[in-house]
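Let me begin by presenting the structure, written as structure tokens, before commenting on it.
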Amino acid sequence: MDRSAEAENALIYAANAAVERQYELTLFSAQYISIHSLHSRLPARELNADLRAKEKWLKDKAAQIENDFGVTTHSYFVSGSFFEELQACIEDTRADMVVMGMAEKSLEQDMLGNTTTAAINRLKIPVLAIPLKAVYQGIKNIVFACDMARAIEQEVLQKVHDIAAESGARVEVFNVNKAVEDLSRYAVDIESSMQGITYYYNSVASSDIISAIKKEVQDQNADLLIMVPYKYGFWGSLVHKSKTRVMASGSNVPLLSISI
């Protein structure tokens, strides 16, 4: 959590969702003190005063959210490596999900990614990326974009089911390939995990997977897109661009990444 517009919007989105589902929130902030600051002539008391001011701001923000939304909200302020401290926070709070803001698409994000897309690649816990303009209005339509040619982990299917059941949402299991596939042959693998919710299959033919997913999200008026980021090795990462990361940095609909 910082003072950016993206983080503020993600917080409001998460708070509204927490009210509906009786979740608790933890506002996480990791402040990194650069080597240049440590080697500067600034007195230690000034550096400490700056950290204390930022910690107070986070506590005040947590109190504001709890007061405005009636949601139990905690603050978790640390200084150090962002991902190491975030992982510690996840473990300490037994978090079920990490919610992060997503800046509007840019060339730099496509090439280098950002903190949110890095979290999608590095964390094992589900990461919900909230675009700057996203407004929480409930979740009724979910597009679960997956590669049906790969085995879908039972744990992933169960999480998709639980999210849909909790929200009363319908799920479209969406597949993109160069040729239209008959997805009924995958039904046995999915049906056992999707009992009790409304779901259906859809397959389209396209060589541009990203554009096809974006179009489907728009056509279905989706409130949430769910994807599974697949890991590539070092050499593979040079030629493969993560579709989940690209969607996260270019979508106007919240994206939930479920790692395996």
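Counting charges near Phe77 (Lys, Arg +1; Asp, Glu -1) among other residues having Cβ under 11 Å from its Cβ returns a value of +3. Footprinting exposure proxy ranking of Val228, Val19, Val217, fewest other C-beta atoms within 10 angstrom first, gives Val19, Val228, Val217. For Ile197, the amide hydrogen comes within under 5 Å of no other amide hydrogen, counting only partners 5 or more places away or on other chains and with H modelled in the peptide plane.
For Leu86, Leu51, the sequence from fewest to most other C-beta atoms within 10 Å is Leu51, Leu86. In plain terms, the residue of Asp50, Asp208 with the fewest other Cβ atoms within 10 Å comes first and the most crowded comes last, giving Asp208, Asp50.
No value in this document is a laboratory result; all are computed from the given coordinates. Remember, it's a predicted structure, so these values are computed and weren't measured experimentally. FYI the Cβ positions are ideal-geometry reconstructions off the backbone, even for glycines, and counts take in every protein chain you see.
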